[in-house]
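First the structure, in the form of structure tokens, and then the observations on it.
The values are calculated or read from the model by the stated rules, or taken from the named source; none is laboratory data. Because the structure is a prediction, the values reported are computed rather than measured. Cβ sites come from the backbone with ideal geometry, for glycine too, and all protein chains shown count toward neighbours.
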Amino acid sequence: MSLKPLEIDLDYLRQVLVELLDIPSPSGRTDHVQQYVGERLSALGIPSTLTRRGALSACLPGPRQTGADRAIVVHTDTIGGMVKRLKENGRLELKTIGTHSARFAEGAHVRIFTDDLDRVVTGQVLPLKASGHRYNDDVDLQGVGWQHVEVRVDEPVEDIAGLRALGIDAGDFVAFLPNPMVTPSGYVKSRHLDDKAGVAAVLTAFKAVVDAGITPTVTAHLLVTVTEEIGHGASHGLDPDVAEIVSVDAAVVAPGQQSRENAATLAMGDGVGPFDYHLTRNLATIAREHGVDLVRDV
């Protein structure tokens with residue numbers, strides 16, 4: 001039986017996306033963003049619980065217990081950094097959280113989270129040789145890597161003592177600020193769309209089901225994880241009755257890939273191997289029946 005397409009609240013989608021992006025949540029410091037998602041679920045009348053490791057679990061119950069539930073998995077944690085070392089020049093050496101290139105961090109505005117929760121310390125990631133007036137062509141010849149950048153704190157500090165006076169120490173989290181923007185043509189530009197765009201889309205989809213008063217055929221679980229960027233993902237927290245899992249995340253858009261910025265991507269496999277034959281084909285059929293612009297990729 002084919003269901004009528006549900007009405008999608010695009011205003012809700014945009015609001016939730018921007019609010020999620022504005023909450024710093026590098027892996028390891030995700031309490032705030034998980035609280036936000038829990039509150040959004042509660043507003044929809046969907047109860048949720050936290051696992052021991054901070055993942056959030058919720059569900060829309062089906063009419064009967066089948067032992068073959070479905071789950072959607074998203075993650076709220078993002079790439080980021082930690083203070084590795086206080087430098088003698090009053091700047092900070094970074095260690096990355098997650099896998100990302102220093103090339104894309106250069107120029108980024110950041111927030112440093114000290115143990116003093118009431119103090120906001122900001123800064124900017126700069127190359128060691130940032131001034132063309134001083135270093136001439138060397139600004140383009142220096143290498144790319146985290147050893148070639150540092151954080152300049154937005155405070156008058158010139159040494160380690162000045163950094164310590166601000167409460168900064170090794171192990172403090174450093175969040176890259178997203179600077180989100182929704183263009184008039186509907187494009188979203190921001191850091192950390194991986195995977196906050198996915199979280200916003202899934203919350204909006206659950207809202208559409210609740211608003212329409214629909215009971216899913218089988219129990220539909222939602223698992224919001226907080227360690228995807230450091231390789232753990234949905235390694236724990238799934239209900240034992242879950243038989244099918246769909247992960248909603250960012251697609252690879254690059255030469256040699258079929259993924260596009262303006263379409264949904266169905267991953268048929270990854271570097272480890274193929275995904276479930278029946279599930280991937282079923283998702284492709286559903287997309288075709290409902291006119292979803294979808295491309296397949298590996």
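Comparison of VAL248, VAL253 shows that the only residue that is crowded, with 16+ Cβ neighbours inside 10 Å, out of contact with any Leu (no Cβ under 9 Å at 6 or more places or on another chain) and not polar (S, T, N, Q) is VAL248. When restricted to residues that are within 16 Å of the chain's Cα centre (by Cα) and among the aliphatic types (A, V, I, L, M), region 80-104 contains 1. Of all residues in region 10-52, exactly one satisfies the criterion of being touching a helix residue (DSSP H, G or I) at 6+ places or on another chain (Cβ under 6 Å), farther than 17 Å from ASP194 by Cβ and part of a loop (DSSP other than H, G, I, E, B), namely LEU44.
For region 61-80, the tally of residues that are of a type in the set (S, T, N, Q) and modelled with pLDDT of 95 or more stands at 2. In the set (1) closer than 20 Å to GLY80 by Cα; (2) buried (at least 17 other Cβ atoms within 10 Å of the Cβ), LEU266 fails one condition alone, (1). The set of residues from region 73-89 being buried (at least 19 other Cβ atoms within 10 Å of the Cβ) and more than 14 Å from ALA170 (Cβ to Cβ) comprises VAL73, VAL74, HIS75, THR76, ASP77, THR78, ILE79, GLY80. Comparison of GLY90, GLY62 shows that the only residue that is under 27 Å from GLY213 (Cα atoms) and part of a loop (DSSP other than H, G, I, E, B) is GLY62.
Only one residue in SER42, SER48 is surrounded by 14 or more Cβ atoms within 10 Å (Cβ to Cβ), of a type in the set (S, T, N, Q) and over 18 Å from the mean Cα position of the chain (by Cα). Which one? That would be SER48, the only listed residue that is surrounded by 14 or more Cβ atoms within 10 Å (Cβ to Cβ), of a type in the set (S, T, N, Q) and over 18 Å from the mean Cα position of the chain (by Cα).
Checked against (1) over 13 Å from the mean Cα position of the chain (by Cα); (2) without any contact (Cβ under 8 Å) to a residue 60 or more places away in the chain, ILE8 passes all but a single condition, namely (2). Among the residues of region 153-175, write down those that are crowded, with 19+ Cβ neighbours inside 10 Å and touching a Pro at 6+ places or on another chain (Cβ under 8 Å). Within region 153-175, PHE173, VAL174, ALA175 meet the criteria. Only a single criterion out of (1) farther than 22 Å from HIS32 by Cα; (2) at pLDDT 95 or above; (3) in contact with a His (Cβ under 7 Å, 6 or more places away or on another chain) is not satisfied by ASP239, namely (2). For region 176-185, taking the residues that are under 13 Å from ARG14 (Cβ atoms) and without any contact (Cβ under 8 Å) to a residue 12 or more places away in the chain, the one that is surrounded by the most Cβ atoms within 10 Å (Cβ to Cβ) is identified as MET181. The set of residues from region 186-195 being under 16 Å from ASP11 (Cα atoms) and outside any loop (DSSP other than H, G, I, E, B) comprises just one member, VAL188. Residues in region 200-234 that are in a helix (DSSP H, G or I) and hydrophobic (A, V, I, L, M, F, W, C): ALA200, ALA201, VAL202, LEU203, ALA205, PHE206, ALA208, VAL209, VAL210, ILE230. Would you say LYS129 is touching a helix residue (DSSP H, G or I) at 6+ places or on another chain (Cβ under 8 Å), surrounded by 13 or more Cβ atoms within 10 Å (Cβ to Cβ) and closer than 19 Å to ILE79 by Cα? Spelling it out, it is not the case that LYS129 is touching a helix residue (DSSP H, G or I) at 6+ places or on another chain (Cβ under 8 Å), surrounded by 13 or more Cβ atoms within 10 Å (Cβ to Cβ) and closer than 19 Å to ILE79 by Cα.
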